[in-house]
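Since the structure comes first, as structure tokens, the remarks are kept for the end.
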Amino acid sequence: MTLSLYDTMSRRKAPFAPKDPSRVTLYVCGPTVYNYAHIGNFRPVVVFDLLFRVLRRHYGADHVLYAANVTDVDDKINRKAAEEGVPIRTISDRYLDAYNADAAALGALRPTFQPRVTETMDAITGMIGDLIRNNGAYEAEGHVLFDTQAFADYGKLSGHPMDEMIAGARIDVAPYKRHPADFVLWKPSKPGEPAWPSPWGDGRPGWHIECTAMIHEALGLPIDIHGGGEDLKFPHHENELAQGVCSGHGGREYAGVWMHNGFLNMAQEKMSKSLGNVALAHDLLELYPGEAIRWALLLGHYRQPLEWTDTLIEQAKANLDRLYRVLDDSGRFLAGKVVPDGAQSPAGAAEHADILKALADDLNTPEAFAALFRLADKVRAAIMAKDALAVAGGRDLLLDAGNLMGFLAADPQGWFQSGADDDLKSRVEGLIAARADARAAKDWPQADRIRDELAALNVEVMDGPSGATWRIREQA
Ligand code: AMP
Ligand code: ZN
């Protein structure tokens with residue numbers, strides 16, 4: 001099956017052709033770790049995790065290398081470290097750990113590499129040196145600047161014409177810049193700020209060179225796919241590209257495909273710390289299962305804006321409930337039945353193929369979800385038809401598709417009970433035990449009374465060969 005991806009540079013969707021299918025490379029710009037990340041920051045994490053999973057399925061898990069960087073030196077980190085009187089590493093470690101924990105809770109696989117700026121300084125200064133030697137950068141007043149006039153294609157990725165950039169940059173242009181659009185590769189640190197040695201004096205790198213150097217060190221230039229949020233197209237990705245090409249490491253190419261996710265909005269505006277309209281993933285994960293938040297992030301196509309509301313997560317949760325119910329019911333239906341391994345005629349084989357096709361079509365998640373429901377409906381129909389072979393095969397396909405998209409990893413029982421707090425759980429367990437006692441004593445009126453009490457708690461009890469199990473009832 002051909003994988004097609006939309007490329008920001010060519011502005012069209014085209015079949016994806018990695019340079020070396022046994023070594024497919026993906027890079028995504030990661031977080032600046034000075035605080036808890038908001039759920040908008042996790043949109044690229046989840047979208048590109050899905051792409052990573054799809055690439056692994058197409059090329060084999062060992063043939064895809066995914067690097068996502070961490071910016072661990074920056075003004076905001078410096079400020080926070082100074083406020084707390086601790087080294088910047090204390091701050092960056094704290095928030096990187098929280099970020100990785102949140103990403104894992106959202107079902108994101110760990111990238112193959114997670115390079116940190118502070119651990120890539122040699123590669124960064126090395127690349128700046130290459131740029132100076134290639135006449136792509138110049139030194140001025142303790143700074144090193146990229147010479148935008150050295151790169152004829154500057155502005156091609158984002159579609160920003162040079163005169164527009166000059167107009168934008170005119171306010172407050174540093175006097176040592178040869179051209180208003182030139183940008184910093186290396187700058188002196190202020191007194192008391194962290195600094196690293198370099199041939200141009202002690203200082204620290206500009207933001208853009210970090211990524212180019214980390215890509216080259218972790219993956220080697222050029223790479224197959226470069227991703228990030230659409231706010232990064234300009235200036236960040238435009239600058240990364242200019243640096244990469246002018247450094248001479250990947251020839252004329254930097255990235256085969258550029259992919260950008262749309263914004264996650266709240267109250268119709270881009271979710272961002274500066275606007276204050278943020279919901280932290282960390283807080284949301286206290287309220288909802290990670291899979292429900294992941295599903296919500298994938299409910300719209302990744303290139304479209306997505307409005308973040310409580311209804312969106314509730315919808316995602318209800319969608320997952322529907323799939324887990326089929327898993328639960330099919331598991332119960334199959335319990336105790338002997339189904340030969342590798343049985344043919346699974347329910348929903350065509351729908352499973354539709355899911356793979358939708359994902360291969362530039363990660364069309366709305367289509368993939370629709371096909372996932374059709375697959376679940378086929379499994380449900382096979383249960384009704386009491387066709388154990390079709391149920392067993394269909395259930396495996398459902399789990400496989402769920403796994404590919406980063407869902408259905410929970411035990412169905414656990415999924416339905418996760419909505420219950422500890423008080424409700426112990427009350428339900430107590431009632432179920434009392435009901436078992438009443439039934440053992442053949443006290444049917446008492447057993448019925450307890451069943452009604454459980455029903456009033458919105459709990460459904462299912463009797464099986466190994467005792468009773470329960471789940472929170474489906475909402476009407
Ligand atoms: P930052 O820490 O702001 O550099 O952002 C980290 C990643 O999150 C980048 O890829 C951004 O493009 C992305 N991002 C930030 N805010 C949003 C948002 N509201 N919606 C979607 N992506 C975002
Ligand atoms: Zn970057």
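The values are calculated or read from the model by the stated rules, or taken from the named source; none is laboratory data. Since we're looking at a predicted model, the values are computed, not measured. Cβ sites come from the backbone with ideal geometry, for glycine too, and all protein chains shown count toward neighbours. Each accessible area value is taken on the protein alone, full model and side chains, heavy atoms only, with ligands, DNA and RNA left out. Shrake-Rupley method; radii C 1.70, N 1.55, O 1.52, S 1.80 Å.
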Please specify each residue of the stretch 14-64 satisfying the condition of being open to solvent by less than 60 Å² (accessible area, probe 1.4 Å), in a helix (DSSP H, G or I) and away from ligand 1 (no atom under 16 Å from the Cβ). 53, 54, 55, 59, 61
Given (1) in contact (Cβ under 8 Å) with a residue 60 or more places away in the chain; (2) among the aromatic types (Phe, Trp, Tyr); (3) more than 16 Å from ligand 2 (Cβ to nearest atom), residue 59 misses just (1)
For the stretch 315-355, which positions are closer than 25 Å to residue 296 by Cα, in contact (Cβ under 8 Å) with a residue 12 or more places away in the chain and open to solvent by 40 Å² or more (accessible area, probe 1.4 Å)? 315, 317, 318, 322, 354
Scanning the stretch 181-205 residue by residue, those crowded, with 19+ Cβ neighbours inside 10 Å and either free of Cβ contacts under 8 Å to residues at least 24 places away in the same chain or among the acidic types (Asp, Glu) (or both) turn out to be 182
I'd like to verify a number: residues in the stretch 65-88 that are outside any loop (DSSP other than H, G, I, E, B), crowded, with 19+ Cβ neighbours inside 10 Å and either aliphatic (A, V, I, L, M) or within 16 Å of ligand 2 (Cβ to nearest atom) (or both), how many? 9
Restricting attention to the stretch 185-197, the residues that are of a type in the set (Gly, Ala, Ser) and within 35 Å of the chain's Cα centre (by Cα) number exactly 2
Odd one out for residue 403, checked against (1) open to solvent by less than 90 Å² (accessible area, probe 1.4 Å); (2) under 40 Å from the mean Cα position of the chain (by Cα): (1)
Can you find even one residue in the stretch 415-430 that is surrounded by 15 or more Cβ atoms within 10 Å (Cβ to Cβ), more than 18 Å from residue 289 (Cβ to Cβ), aliphatic (A, V, I, L, M) and out of contact with any Ser or Thr (no Cβ under 8 Å at 6 or more places or on another chain)? yes
Against the condition in contact with a helix residue (DSSP H, G or I) (Cβ under 8 Å, 6 or more places away or on another chain) and part of a loop (DSSP other than H, G, I, E, B), how does residue 352 come out, does it pass? no
Scan the stretch 1-13 for residues that are closer than 26 Å to residue 217 by Cα and either in a loop (DSSP other than H, G, I, E, B) or out of contact with any strand residue (DSSP E or B) (no Cβ under 7 Å at 6 or more places or on another chain) (or both) and jot them down. 8, 9
In the stretch 230-282, anything open to solvent by 40 Å² or more (accessible area, probe 1.4 Å) and without any contact (Cβ under 8 Å) to a residue 12 or more places away in the chain is listed as 252, 267, 269, 274, 275, 276
